[in-house]
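So the structure is just underneath, and the comments pick up after that.
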Amino acid sequence: MAIAVGDLIPDVEVQTMTGDGPKRVQTGELLGKGKVVLFAVPGAFTPTCSDHHLPGFVQQAEELKAKGVDTIACISVNDAFVMGAWGRDQNVGSNVVMLADGNGAFTEAVGLGMDGSPFGLGQRSQRYALIVDDGVVSSVFVEPKGGLDVSSAQSVLAAL
């Protein structure tokens, strides 16, 4: 069952890339304090994700923060090395925390996985965004057919 409004954000281990290499972090700790916007993409460096989804959140980071968002995070079923490289490529700086859900544990916990095997991707995450207030999900935006409408930075900004 997919995560819903009122649910607690799952507490699972994911990774971020640091100057010293991959660092393990708990999603409950990272995403459970303050107002958080978490968005998920099917894959780093894929066209819609790289051309529109991630750049939208980078470009609108200040507007999101002006609406009270403390943390903007991007998660994908990729490893920390790929997520780190993608973040550098996209110039996210400190605007977006890049989270590697390498084994898909978080994706499974929120019930928003997808089978990307027909495209050679294996098990991945659906495209979605969540607004989380002190660890409790207050809004869920899941793309119905793989496009980029309801989970875009503009849509999330309008909902805040």
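The values are calculated or read from the model by the stated rules, or taken from the named source; none is laboratory data. Just so it is clear, the structure is predicted and the values come from calculations on it, not from any experiment. Cβ placement follows ideal geometry from the backbone for every residue including glycine, while neighbour counts extend to all protein chains displayed.
Just so you know, in region 1-26 the residues that are surrounded by fewer than 17 Cβ atoms within 10 Å (Cβ to Cβ) and among the charged types (D, E, K, R) include one that is nearest to Leu38 (Cα to Cα), and it is Asp11.
Could you please let me know if Arg24 is modelled with pLDDT of 95 or more, assigned to a strand (DSSP E or B), of a type in the set (D, E, K, R) and farther than 18 Å from Leu130 by Cα?
Numbers: modelled with pLDDT of 95 or more: yes; assigned to a strand (DSSP E or B): yes; of a type in the set (D, E, K, R): yes; farther than 18 Å from Leu130 by Cα: yes.
Taking the combined requirement at face value, the residue satisfies it.
Candidates are the residues of region 87-142 that are among the aromatic types (Phe, Trp, Tyr) and under 12 Å from the mean Cα position of the chain (by Cα); the one that is farthest from Val58 (Cα to Cα) is Phe106. Residues in region 89-128 that are more than 24 Å from Gly19 (Cβ to Cβ) and out of contact with any strand residue (DSSP E or B) (no Cβ under 9 Å at 6 or more places or on another chain): Ala109, Gly111, Pro118, Phe119, Gly120. Would you point out the residue of region 133-157, among those that are in a loop (DSSP other than H, G, I, E, B) and among the acidic types (Asp, Glu), that is nearest to Asp115 (Cα to Cα)? So, considering only residues that are in a loop (DSSP other than H, G, I, E, B) and among the acidic types (Asp, Glu), the one nearest to Asp115 (Cα to Cα) is Glu143.
The numbered conditions (1) more than 21 Å from Gln123 (Cα to Cα); (2) buried (at least 18 other Cβ atoms within 10 Å of the Cβ); (3) hydroxyl-bearing (Ser, Thr, Tyr) are all true for Ser76 except (1). Annotation for region 76-91: no member residue is aliphatic (A, V, I, L, M), modelled with pLDDT of 95 or more and under 19 Å from Asp133 (Cα atoms).
To keep it simple, each residue is scored yes or no on (1) over 20 Å from Leu130 (Cβ atoms); (2) in a strand (DSSP E or B).
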| position | (1), (2) |
| --- | --- |
| Ala40 | no, yes |
| Asp51 | yes, no |
| Leu54 | no, no |
| Glu63 | no, no |
| Cys74 | no, yes |
